[in-house]
Amino acid sequence: MNKLPILKESNIASFIYFLRGEKVMLDNDLAKLYAVETRVLKQAVRRNINRFPSDFMFELTDDEIDWVVSQKLIPSKKFFGGARPFAFTEQGVAMLSSVLNSDRAIQVNIVIVRTFVKLRQLLQDNKDIVEKIEKLEQKYDKQFKVVFTALQRLIKEENEPRPKVGFKQSQKQKLSEIRELLPEQK
């Protein structure tokens with residue numbers, strides 16, 4: 001039996017892209033993981049196309065191919081050999097295990113599905129953190145508004161020219177008048 005190399009979820013995650021608002025994997029990356037040619041993977045999908053509705057799999061448009069190339073996810077359009085790549089969603093990847101019926105395909109799919117689940121959990125955790133921060137901001141905005149207003153005033157005052165320190169001419173004259181009235185000190 002051919003031993004499956006150790007597949008790490010972090011390695012699999014590098015093959016997951018965000019297209020059309022979905023997390024997807026491209027056919028050529030999946031073919032590498034399943035240790036089959038991309039052509040063989042596509043043939044299996046085309047023979048079972050009714051198992052892959054548009055929310056499971058879609059072909060990339062020219063604009064999407066250009067984007068994938070511009071993001072350096074692939075070296076050039078030639079990488080696809082003239083064929084339009086298929087993009088598989090999480091459900092599409094799960095369906096591939098029924099189309100590519102091998103022990104390797106099943107084992108690879110398990111790791112891929114776990115990776116998708118972890119990514120979804122990570123996104124959800126971040127969403128929870130953002131929501132908590134927003135709630136804290138709303139709760140404490142009124143209390144901190146006073147602080148921010150005071151800070152803004154200080155900053156504004158710092159940028160305004162300050163009055164000169166010391167006696168003005170009129171003050172000096174008043175002082176000399178006062179001195180004249182005082183008795184001389186001995």
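Since every read-out is calculated from the coordinates, none of them should be taken as a lab result. This one's a predicted model, so the numbers in the text were calculated from it and none came from an experiment. As a convention, Cβ positions derive from the backbone with ideal geometry for all residues, glycine included, and neighbour counts pool all protein chains shown.
Sum up the charges of everything whose Cβ sits under 13 Å from the Cβ of residue 41, counting Lys and Arg as +1 and Asp and Glu as -1, but leave residue 41 out.
On the way: positive: 32, 39, 42, 46, 47, 104; negative: 27, 29, 37.
Once positives and negatives cancel, what remains is +3.
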Inset, instruction - Just grab the label-to-label distance for residue 123 and residue 103, each label 7 Å out from Cα along the Cβ direction, in nm (one decimal). - result: 3.4
Inset, instruction - Could you run the Karplus curve 6.51 cos²θ - 1.76 cosθ + 1.60 with θ = phi - 60° over the range 121-127 and give me ³J(HN,Hα) per residue in whole Hz, x for Gly and Pro? - result: 5, 4, 5, 5, 4, 5, 5
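Count charges around residue 58 for me, please; just the other residues with Cβ under 12 Å from its Cβ, Lys/Arg as +1, Asp/Glu as -1. Let's see the in-between values first.
Details: positive: 20, 84; negative: 22, 27, 55, 59, 64.
Its environment carries a net charge of -3.
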Inset, instruction - Give the peptides 59-68, 24-33, 116-125, 38-47 in descending order of average Cβ contacts within 10 Å, highest first. - result: 24-33, 38-47, 59-68, 116-125
Inset, instruction - Go through the range 30-44 residue by residue and turn each phi into a ³J(HN,Hα) via Karplus (6.51, -1.76, 1.60, θ = phi - 60°); whole Hz please, and just put x for glycine and proline. - result: 5, 4, 4, 5, 7, 6, 10, 6, 4, 4, 5, 4, 5, 4, 4
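In this model, which of 42/118; 23/127; 23/118 are farther than 24 Å apart at the alpha-carbon? Show your work: numbers first, answer last.
Values: 42/118 27 Å; 23/127 17 Å; 23/118 12 Å.
Checking Cα-Cα distances, 42/118 exceed 24 Å.
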